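Asker: Submitted below is the structure of interest, expressed as structure tokens.
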Amino acid sequence: MPTLDDVSRIASGLPGSEERLTTGGLAWFVRRKPYAWEVHPWPSVPEDMRAIIATETVVGVKVADEMEKAALLEGWPDVFLPRTTHWSEPKVAFRLAAIDPQLLVELVTEGWRVQAPKYLRRELDERRGVPPTLSAP
């Protein structure tokens with residue numbers, strides 16, 4: 001069962017990643033932009049979702065677009081919360097205890113990739129041995 005320590009470990013391996021303790025819990029940033037965070041049951045979160053967030057560890061991550069968000073919600077309805085807040089879309093929130101560890105790695109890394117500047121994305125790709133392409137974002 002993944003924990004916030006696992007999220008921290010994944011994030012620490014991403015270039016330029018920074019972990020901070022915020023009023024809502026732990027959050028991970030790249031170049032001052034959040035890409036993953038511990039979800040807090042704020043009043044702006046719908047009441048049914050607040051009940052889940054108050055009893056479980058829930059993590060939010062940035063996603064590339066609404067299509068990716070919809071695919072995650074449809075593919076794993078027991079893992080992803082259908083909604084949290086409408087701010088800073090697109091993003092998804094998931095039950096940390098229910099997430100597959102490999103999917104957690106992918107989500108945190110892709111959240112970072114959405115927010116990271118091109119030179120940091122290139123650095124990660126080089127570390128992983130991914131050949132450069134002309135169309136790399």
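The values are calculated or read from the model by the stated rules, or taken from the named source; none is laboratory data. All values derive from a computational prediction rather than experimental measurement. So basically every Cβ, Gly included, is an ideal-geometry build from the backbone, and we count neighbours across all protein chains shown.
Asker: Check whether at least one residue in the stretch 30-48 is farther than 21 Å from MET1 by Cβ, assigned to a helix (DSSP H, G or I), at pLDDT below 95 and out of contact with any Lys or Arg (no Cβ under 8 Å at 6 or more places or on another chain), and report yes or no.
Answerer: Among the residues of the stretch 30-48, at least one is farther than 21 Å from MET1 by Cβ, assigned to a helix (DSSP H, G or I), at pLDDT below 95 and out of contact with any Lys or Arg (no Cβ under 8 Å at 6 or more places or on another chain), which makes the answer yes.
Asker: Does GLU38 qualify as being closer than 30 Å to ARG127 by Cα, acidic (Asp, Glu), touching a residue at least 24 places away in the same chain (Cβ under 8 Å) and touching a strand residue (DSSP E or B) at 6+ places or on another chain (Cβ under 8 Å)?
Answerer: Answer is yes for this residue.
Asker: Please enumerate the residues belonging to the stretch 62-119 that are at pLDDT 95 or above, of a type in the set (Val, Ile, Thr) and assigned to a loop (DSSP other than H, G, I, E, B).
Answerer: VAL63, VAL79, ILE99
Asker: Among VAL59, VAL63, VAL30, VAL39, which is the only one that is aliphatic (A, V, I, L, M), surrounded by 16 or more Cβ atoms within 10 Å (Cβ to Cβ), within 16 Å of THR109 (Cβ to Cβ) and in contact with a Gly (Cβ under 6 Å, 6 or more places away or on another chain)?
Answerer: Details: VAL59 fails: in contact with a Gly (Cβ under 6 Å, 6 or more places away or on another chain); VAL63 fails: in contact with a Gly (Cβ under 6 Å, 6 or more places away or on another chain); VAL39 fails: within 16 Å of THR109 (Cβ to Cβ).
None of the other options fit; the residue is VAL30.
Asker: Scan the stretch 66-86 and tell me whether some residue there is closer than 14 Å to TYR35 by Cβ, of a type outside the set (D, E, K, R) and within 15 Å of the chain's Cα centre (by Cα).
Answerer: Scanning the stretch 66-86 turns up no residue that is closer than 14 Å to TYR35 by Cβ, of a type outside the set (D, E, K, R) and within 15 Å of the chain's Cα centre (by Cα).
Asker: Given the criteria under 25 Å from GLY16 (Cα atoms), under 17 Å from the mean Cα position of the chain (by Cα) and without any contact (Cβ under 8 Å) to a residue 24 or more places away in the chain, does ARG121 qualify?
Answerer: Yes.
Asker: Go through the residues of the stretch 8-25 one by one and say whether even a single one is part of a helix (DSSP H, G or I), in contact (Cβ under 8 Å) with a residue 60 or more places away in the chain and either touching a strand residue (DSSP E or B) at 6+ places or on another chain (Cβ under 7 Å) or surrounded by 16 or more Cβ atoms within 10 Å (Cβ to Cβ) (or both).
Answerer: If we filter the stretch 8-25 for residues that are part of a helix (DSSP H, G or I), which is where we start, we get 8-12.
Of the ones still in play, those that are also in contact (Cβ under 8 Å) with a residue 60 or more places away in the chain are 10-11.
Within this subset, residues satisfying the condition of being either touching a strand residue (DSSP E or B) at 6+ places or on another chain (Cβ under 7 Å) or surrounded by 16 or more Cβ atoms within 10 Å (Cβ to Cβ) (or both) are 10-11.
Among the residues of the stretch 8-25, at least one is part of a helix (DSSP H, G or I), in contact (Cβ under 8 Å) with a residue 60 or more places away in the chain and either touching a strand residue (DSSP E or B) at 6+ places or on another chain (Cβ under 7 Å) or surrounded by 16 or more Cβ atoms within 10 Å (Cβ to Cβ) (or both), which makes the answer yes.
Asker: Which of the residues spanning the stretch 43-56 are in contact with a Ser or Thr (Cβ under 7 Å, 6 or more places away or on another chain) and surrounded by 12 or more Cβ atoms within 10 Å (Cβ to Cβ)? Before you say what the answer is, go through the steps one by one.
Answerer: The first filter runs over the stretch 43-56 and keeps only residues in contact with a Ser or Thr (Cβ under 7 Å, 6 or more places away or on another chain), leaving 44-45, 49.
Scanning the stretch 43-56 gives VAL45, MET49.
Asker: Hey, another quick one. Mind listing just one residue for me: the one in the stretch 90-105 that is within 12 Å of the chain's Cα centre (by Cα) and not β-branched (Val, Ile, Thr) and, of those, surrounded by the most Cβ atoms within 10 Å (Cβ to Cβ)?
Answerer: The extreme case among them is PHE94.
Asker: State all residues of the stretch 120-133 that are of a type outside the set (Lys, Arg) and either in a helix (DSSP H, G or I) or at pLDDT 95 or above (or both); if no residue qualifies, say none.
Answerer: Hits for the stretch 120-133 are LEU120, GLU123, LEU124, ASP125, GLU126.
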